[in-house]
Amino acid sequence: MYNDSITIFFKINIIFASLLINLMKLPVKIKMNAHLFLRDPEESETGRKIIKHSIILIHKYGFEAFTFKKLAKAAVTTEAVVYRYFENKHRLLMYIVSWFWSWQEYLVMFHTNNINEPEKKLKKIIQILAAQVKDDSTTEHVDERLLYEIVMREGAKAYLTRHVSEDNKHHLFKPYQDLCTRVAEVILECNPKYKFPRSLSSTIIEMSHIQNFFMKYLPSLSDFTDIKDEAATFNYVKRLVFSAIAENLSAKQGSVVAK
């Protein structure tokens, strides 16, 4: 009887794990803000090719050297067609960066959905945000690995502009704000008295990216150059975050500080 119960338990867990794996293989469909484009690129093969090759080219040449002329050639179309989808290359950059943040929020939701303990949930979120991204095979027109590199190096250019306030009125940064809000909610689960959850959530994201950038490209600004492992960034950010949210906790709750 006991052995039968164990067998059933393991079978249930295998089925559940299989369901999770299959769910992760389902295509990711992200709804984007209509103000980011003139024509939705997700609705046509040409549009998806424009997104695919814009990521490849911006990663290869950098945003400044990237042009719609180069994009049209790579996507086997014309500049006129590219302009039917995006007003200019900055709007295109905002589109792919916003797509990345929505995709990151999806990962956070998926991987923390069954975690009940706030501290474990926050550690998992930091791990996701600090990790080197791998390409997701379910999104054929988006190479997430390249897009992560773009966001790490060029992402701030999406909002460090003179028209940022106007763009914000159209909710163009909502995916990033939604991700920060979700992280902030978990921070408050860990410590409801913590005064700066939104500031800390955005700091987690930016610090994870900038430390990985320094580790790879500006070694004199990093203590992890010899290691060159995102796990070092994760542990560093984790310790800073849990030290910060331990503020105002009782002695018993203070054990939350990451070891």
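The values are calculated or read from the model by the stated rules, or taken from the named source; none is laboratory data. Computed from a predicted structure; not experimentally measured. Heads up, the Cβs are rebuilt from the backbone with ideal geometry, glycines too, and the neighbour counts pull from every protein chain shown.
Per-structure values
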quantity	calculated
Top-ranked residue in segment 218-238 [being surrounded by 14 or more Cβ atoms within 10 Å (Cβ to Cβ) and of a type outside the set (Ser, Thr, Tyr); ranked as modelled with the lowest pLDDT]	230
Tally, over segment 6-54, of residues that are at pLDDT below 95 and outside any helix (DSSP H, G or I)	7
Candidate set: segment 187-201, residues that are in a helix (DSSP H, G or I) and touching a residue at least 24 places away in the same chain (Cβ under 8 Å); chosen: the one nearest to residue 101 (Cα to Cα)	200
Number of the exception - residue 213 against (1) of a type in the set (A, V, I, L, M, F, W, C); (2) part of a helix (DSSP H, G or I); (3) at pLDDT 95 or above; (4) surrounded by fewer than 18 Cβ atoms within 10 Å (Cβ to Cβ)	(3)
Residue in segment 184-203 that is surrounded by 13 or more Cβ atoms within 10 Å (Cβ to Cβ), touching a Phe, Trp or Tyr at 6+ places or on another chain (Cβ under 7 Å) and modelled with pLDDT of 95 or more present	yes
In segment 81-125, residue surrounded by the most Cβ atoms within 10 Å (Cβ to Cβ) [restricted to those that are assigned to a loop (DSSP other than H, G, I, E, B) and free of Cβ contacts under 8 Å to residues at least 40 places away in the same chain]	115
